[in-house]
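Accompanying notes for the structure given below.
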Amino acid sequence: SRIEETDNKVNAFVTLNKENAPRRADQLEQEIADITDVDDLPILAGIPGGIKDNICTQGMPTTCSSKILSGYKSPYSATVMKRLHAAGAVPVGKLNMDEFAMGSSTENSSVQLTKNPWNLNYVPGGSSGGSAASVAAGQVVFSLGSDTGGSIRQPAAYCGVVGLKPTYGLVSRYGLVAYASSLDQIGPITRNVEDTADVLQAIAGYDEMDSTSANVPITNYREALTGDIKGLKIAIAQEYMGEGIDSQVREVIEQAVKQLVSLGAEVEYVSLPHTEYALPCYYLLASAEASSNLARYDGVKYGIRAEGVKDLLDMYKKTRSEGFGDEVKRRIMLGTYALSSGYYDAYYLKAQKVRTLIKQDFDNVFAKYDIIIGPTAPTTAFKIGEKTSDPLTMYLNDICTIPVNLAGLPAISIPCGFVNGLPVGLQIIGKAFDESTVLRAAHAFE
Ligand code: GLN
């Protein structure tokens, strides 16, 4: 009923699981009827959650908010869905996103325009805009998003909620529709850090169906939330606090730093010198991988097929021309160009080398510090329509989040204040597979 009350304004959901969700809740009630000790309950027993529409869900369409997949139903569920089921969660529907997760405002959805619950004239961020808006509007307790260059953390920041991108390999990508496979990672969006710890507990862990899944021990994330960060060594990257960062956002982050110091943390400024190359490096690599991943949408195997075609080639062309939106086409063209013979070394290979330098920047800082902090995004949410005509300005929005994906690290965005009535997110970046420290710092701050 909360969704019915609010979603005509927010437009977060693209599919509602109206019949199955109540049925699943009833079934669960019976399954847990005999459990008397609360500690024996599955970790998300009866908790309603929303799912970004690029995560495969048997029984509900999975469209990536793209025309080319309209009405598409996956024959199998993603590993995260199976794990949510085992943990007792109740998926209530699928959430709007930028088409194929390409974007920073959810305005690239071919389905609908999702609004920021704090101010309906503003974007919710993206690409997991539906996931962040639905948690912020109190429609669900948690949602799942995906983060390739910031798509969980940036919308979480814009909507004033908590969003975690786990370490690459911690959460299975099996059943996540691929955008840029070497960067994509699924993660939770919630209203507080404890809930994020619980959802992560449910979905993290090795999966033999994903060849990049890491076989590492999974810690108890709740136990990490001690409230104690005395002596924690925190680095502030000067590159995330300088040029291009809104001065009011910077002030809010500086306040947050003071609070962390008052909690006993030791804070120092450091440099991540290759940050300025992160954006071009990312947009080359992500587009290259996307152009390859999206080759599968040809009118044969998935989704729609154009009508009135002459022959096979014509069918490919018409289906892809009609099915993909402008931003997706832009990325496919850029990526195909970067991978074409004669250009591969100059662009793709060069970008891979720059990626290594960016990762080394982080390694150097993490040799001395436990976490790195800064703003999640350079500004607060922007107005709907403000950046749609200029893709480059839109790309600049990802400057603080993208380096983290290139290095495969975990990072969380937590609310830390407001500028002109719109939320500001504090980003906390950790060492690979050290989600516990990231969550501990976030929880202590909260
Ligand atoms: N805004 C970035 C892009 O358009 C990040 C998207 C994402 O993380 N999925 O590629």
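The values are calculated or read from the model by the stated rules, or taken from the named source; none is laboratory data. Since the structure is predicted, the reported quantities are computational estimates derived from the model, not experimental observations. Because the Cβ atoms are built from the backbone with ideal geometry, glycine has one as well, and the counts that use them run over all protein chains shown. These area figures cover heavy atoms from the full protein model, side chains too; ligands, DNA and RNA do not enter into them. Shrake-Rupley method; radii C 1.70, N 1.55, O 1.52, S 1.80 Å.
The figures follow:
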| item | result |
| --- | --- |
| Within region 82-100, tally of residues that are within 15 Å of the ligand (Cβ to nearest atom) and within 25 Å of Asn8 (Cβ to Cβ) | 5 |
| Extreme residue, farthest from the chain's Cα centre (by Cα), among residues of region 8-30 that are without any contact (Cβ under 8 Å) to a residue 24 or more places away in the chain and part of a helix (DSSP H, G or I) | Gln30 |
| Residues satisfying the stated conditions in region 397-418, i.e. hydrophobic (A, V, I, L, M, F, W, C), in a strand (DSSP E or B) and open to solvent by 10 Å² or more (accessible area, probe 1.4 Å) | Cys416, Phe418 |
| Residue within region 33-51 that is open to solvent by less than 40 Å² (accessible area, probe 1.4 Å), within 16 Å of the ligand (Cβ to nearest atom) and touching a residue at least 12 places away in the same chain (Cβ under 8 Å) present | yes |
| Residues of region 93-111 that turn out to be surrounded by fewer than 24 Cβ atoms within 10 Å (Cβ to Cβ) and closer than 23 Å to Ser77 by Cβ, as a count | 1 |
| Residue in region 245-266 that is within 16 Å of the ligand (Cβ to nearest atom) and either in contact (Cβ under 8 Å) with a residue 24 or more places away in the chain or open to solvent by less than 20 Å² (accessible area, probe 1.4 Å) (or both) present | no |
| Odd one out for Lys431 among (1) among the charged types (D, E, K, R); (2) within 16 Å of the ligand (Cβ to nearest atom); (3) touching an Asp or Glu at 6+ places or on another chain (Cβ under 8 Å) | (2) |
| Odd one out for Thr114 among (1) part of a loop (DSSP other than H, G, I, E, B); (2) out of contact with any Leu (no Cβ under 6 Å at 6 or more places or on another chain); (3) surrounded by fewer than 24 Cβ atoms within 10 Å (Cβ to Cβ) | (3) |
| Among (1) over 24 Å from Ser131 (Cβ atoms); (2) buried (at least 22 other Cβ atoms within 10 Å of the Cβ); (3) out of contact with any Asp or Glu (no Cβ under 8 Å at 6 or more places or on another chain), the one test that Ala235 misses | (3) |
| Residue in region 15-32 that is under 30 Å from Ala377 (Cα atoms) and at pLDDT 95 or above present | yes |
| Residue check, Thr376 touching a strand residue (DSSP E or B) at 6+ places or on another chain (Cβ under 8 Å) and either within 16 Å of the ligand (Cβ to nearest atom) or modelled with pLDDT of 95 or more (or both) | yes |
